[in-house]
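Enquirer: I'd like to ask some things about the structure below.
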Amino acid sequence: MDNRQIKTDVILIGAGIMSATLGTLLKELAPDWEIRVFEKLANAGEESSNEWNNAGTGHAALCELNYTVEQPDGSIDISKAIKINEQFQVSMQFWSYLVNSNLIHNPQDFIMQLPHMSLVQGENNVTFLKKRFEALSNNPLFQGMELSDDPGKLMEWIPLIMNGRTSKEPIAATKIDSGTDVNFGALTRMLFDHLKSKNVDINYKHQVNDIKRTSNGSWELKVRNEYTGTVQRHTAKFVFIGGGGGSLHLLQKSRIPEGKKTGGFPVSGVFMVCNNPDVVAQHHAKVYGKAAVGAPPMSIPHLDTRFIDNKKSLLFGPFAGFSPKFLKTGSMFDLITSVKPDNLLTMLASGVKNVPLTKYLIQQVVLSKEKRMEELRMFVPNARSEDWDLVVAGQRVQVIKDTADGKGMLQFGTEVVSNDDGSIAALLGASPGASTAVHVMLEIIKKCFPQHLKEWEPKIKEMIPSYGVSLKDNPELLHKIHTSTAQTLGLSKNKQYQS
Ligand SMILES: Cc1cc2nc3c(=O)[nH]c(=O)nc-3n(C[C@H](O)[C@H](O)[C@H](O)COP(=O)(O)OP(=O)(O)OC[C@H]3O[C@@H](n4cnc5c(N)ncnc54)[C@H](O)[C@@H]3O)c2cc1C
């Protein structure tokens, strides 16, 4: 153990999209601050942010049916969809700012325009989709959405899905052309390259093993260099725990009261990938369906065109499953070691409540490839087993906490946990995920650096013109932002991959 204390202003734990985004924002707002990053793996963007570990959907609530909930009176609540769409516009503006300022280049390497569609079958589902379409299409954020229940039109939109379909059940879909496929792995790597050029000290193969408060109010981290086996002590005035699935254990080590009575429930994922170019060429969209009864929201099936490494492929899934690991590269003991005296009752209560979910997830893990093909054939009736392979996706650790609704409630969103003086913050949960990274990191900046906000606000507004403004109530600003971000990110012209 090296007994020297190495001081810095900011430490970011983990080299995923969240740390990349916070580091980039802070470098624009406080260029003189010293930032240090510790990542236990050999490169940036290797865990959930990696392109093969997530679905790459630019979540703007254009197609995800779980963001619009049918109320008991039959009306559709679109408030969550509005919130997520507005948050995605924040990401789009920040990415455009980075491209316009030459801080990152070649946006087509991380974002492509791709129609987002919702597809349902059965009379009740079609009625729901029509009501949802009416509610959304009147809102400027969802302008351009189309609906069809005409099989001929659907054949034009999604030939791969309609070909060979024998069911006589009513079917309908909505489509909006302004959706996106985002390669969050490529974006993460671009942002870390940029941070390196700004002298941010990025340390790969460095695992943070402990975090504790020092007597002067800083945070001291014990960091193990995996190359040499040595352990160093690093201190900082502000620490961001951006360890993805690894964040809960680190939060617990910090011992902040705000992190108590919180647990995590890991959900694994598997996609099927099609590399047969003839099949791939027949599909050009992200098509989201409805989750099976009893399935968690993160296992809503979707068939996605993906653009990875300049190659078009198709991804279907995710099939959710159970693994006790909190990271794909984590340990089988992650779940058990996350149970502490302060969260034991919360975890037990959650365990009792979530028996059916756990049973469902375990059943999913043991599904054979042929069983998964059967689910795929509900989307692609003519799918052939030899065209599709399985790929293991990232782990999502859902937050478990006590809420007004009861003890041990499973949360499906993202939670920022910070202490009272804002000197440490952790991000837990994984949904809507990477798409809303800029919004979430701005929330952390607001919570943790209130004393700098006034001074930083003009720069934030330069980077994100809609900062502090509701876009749904400002259609003119929304139109301006749509036009300029599409132009800067090359979204209207990147059609070269279309079949
Ligand atoms: C199956 C699946 C599908 C998804 N689909 C989408 C989607 O379509 N759209 C979307 O927007 N989001 C999606 N997400 C969510 C999205 O991938 C995540 O929200 C996002 O990548 C999280 O980024 P992160 O930086 O917090 O974590 P990560 O990318 O996991 O990065 C955390 C990093 O911290 C490192 N680390 C952990 N512990 C330590 C430690 N002790 N010391 C040092 N380093 C450490 C890890 O090695 C890792 O590199 C999906 C996720 C999954 C799993």
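Enquirer: Can you tell me which residue in the range 412-437 is nearest to the chain's Cα centre (by Cα), limited to those that are away from the ligand (no atom under 11 Å from the Cβ) and buried (at least 24 other Cβ atoms within 10 Å of the Cβ)?
Expert: Out of the qualifying residues, it is Ala425.
Enquirer: Here's a follow-up. How do the strands (runs of 3 or more DSSP E) wholly within the range 263-344 filter down when requiring 2 or more residues that are crowded, with 22+ Cβ neighbours inside 10 Å and in contact with a Gly (Cβ under 7 Å, 6 or more places away or on another chain): which remain?
Expert: 302-308, 311-321
Enquirer: From Leu489, Leu478, which residue is in contact with a strand residue (DSSP E or B) (Cβ under 8 Å, 6 or more places away or on another chain) and modelled with pLDDT of 95 or more? Spell out the reasoning first.
Expert: Working: Leu478 fails: in contact with a strand residue (DSSP E or B) (Cβ under 8 Å, 6 or more places away or on another chain).
None of the others qualify; the one that does is Leu489.
Enquirer: Collect the residues in the range 215-272 that are of a type in the set (A, V, I, L, M, F, W, C) and under 30 Å from Met378 (Cα atoms), keeping them in residue-number order.
Expert: Matches in the range 215-272: Phe265, Val267, Val270, Phe271, Met272.
Enquirer: Which is outside any strand (DSSP E or B), in contact (Cβ under 8 Å) with a residue 12 or more places away in the chain and within 25 Å of Ala434 (Cβ to Cβ), of Leu154, Leu160, Leu195? Don't jump to the end; show me each part of the working.
Expert: Working: Leu154 fails: within 25 Å of Ala434 (Cβ to Cβ); Leu160 fails: within 25 Å of Ala434 (Cβ to Cβ).
Going through Leu154, Leu160, Leu195 in turn, the sole match is Leu195.
Enquirer: Could you list all residues from the range 223-250 that are more than 10 Å from the ligand (Cβ to nearest atom) and among the basic types (Lys, Arg)?
Expert: Arg233, Lys237
Enquirer: Please work out if Ser215 is among the hydroxyl-bearing types (Ser, Thr, Tyr) and more than 14 Å from the ligand (Cβ to nearest atom).
Expert: Against the criterion (among the hydroxyl-bearing types (Ser, Thr, Tyr) and more than 14 Å from the ligand (Cβ to nearest atom)), Ser215 qualifies.
Enquirer: Let me ask something else about it. Out of the range 235-254, which residues are of a type in the set (Val, Ile, Thr) and in contact with a Lys or Arg (Cβ under 7 Å, 6 or more places away or on another chain)?
Expert: The answer is Thr235, and nothing else.
Enquirer: Here is a follow-up. Out of Ile35, Ile13, Ile17, Ile78, I need the residue that is within 9 Å of the ligand (Cβ to nearest atom) and either more than 14 Å from the chain's Cα centre (by Cα) or of a type in the set (Phe, Trp, Tyr) (or both). Which one?
Expert: Ile13
Enquirer: Further question on the same structure: Take the conditions modelled with pLDDT under 95 and not aliphatic (A, V, I, L, M) and apply them to Asn216. Does it pass?
Expert: So Asn216 passes the test.
Enquirer: Only residues that are more than 15 Å from Gly179 (Cα to Cα), within 10 Å of the ligand (Cβ to nearest atom) and of a type in the set (D, E, K, R): list them for the range 40-74, please.
Expert: Once the filter is applied, which keeps residues that are more than 15 Å from Gly179 (Cα to Cα), within 10 Å of the ligand (Cβ to nearest atom) and of a type in the set (D, E, K, R), the range 40-74 yields Lys40, Glu46, Glu47, Glu51.
Enquirer: (1) at pLDDT 95 or above; (2) more than 19 Å from Ala434 (Cα to Cα); (3) of a type outside the set (Lys, Arg): which one isn't true of Gln113, the others all being true?
Expert: (2)
Enquirer: Looking for something under 30 Å from Leu160 (Cβ atoms) and β-branched (Val, Ile, Thr) - is there at least one such residue anywhere in the range 393-408?
Expert: Within the range 393-408, the first condition is being under 30 Å from Leu160 (Cβ atoms), and the residues that meet it are 393-396.
Then drop every residue that is not β-branched (Val, Ile, Thr), which leaves none.
No, that holds for no residue.
Enquirer: While we're looking at this one, here's another question. Just to verify a result, which residue in the range 163-192, among those that are aliphatic (A, V, I, L, M) and part of a strand (DSSP E or B), is nearest to the ligand (Cβ to nearest atom)?
Expert: Taking the candidates together, the pick is Val182.
Enquirer: Looking at the range 197-206, which of its residues are among the basic types (Lys, Arg) and within 24 Å of Val231 (Cβ to Cβ)?
Expert: Listed by number, the list holds a single entry, Lys205.
Enquirer: Suppose the filter is in contact (Cβ under 8 Å) with a residue 12 or more places away in the chain and either part of a strand (DSSP E or B) or over 23 Å from Phe449 (Cβ atoms) (or both); does Thr24 pass it?
Expert: On the way: in contact (Cβ under 8 Å) with a residue 12 or more places away in the chain: yes; either part of a strand (DSSP E or B) or over 23 Å from Phe449 (Cβ atoms) (or both): no.
No: the conditions fail for Thr24.
Enquirer: Return the pair list, or none, for Cβ contacts closer than 7 Å from residues in the range 348-373 that are aliphatic (A, V, I, L, M) to residues that are part of a helix (DSSP H, G or I), at least 6 apart or on different chains.
Expert: Met373/Ser385
The values are calculated or read from the model by the stated rules, or taken from the named source; none is laboratory data. A quick note: this is a predicted structure, and the numbers were derived from the prediction, not measured. When we count neighbours, we look across all protein chains shown, and the Cβ atoms used for this are built from the backbone with ideal geometry, even at glycine.
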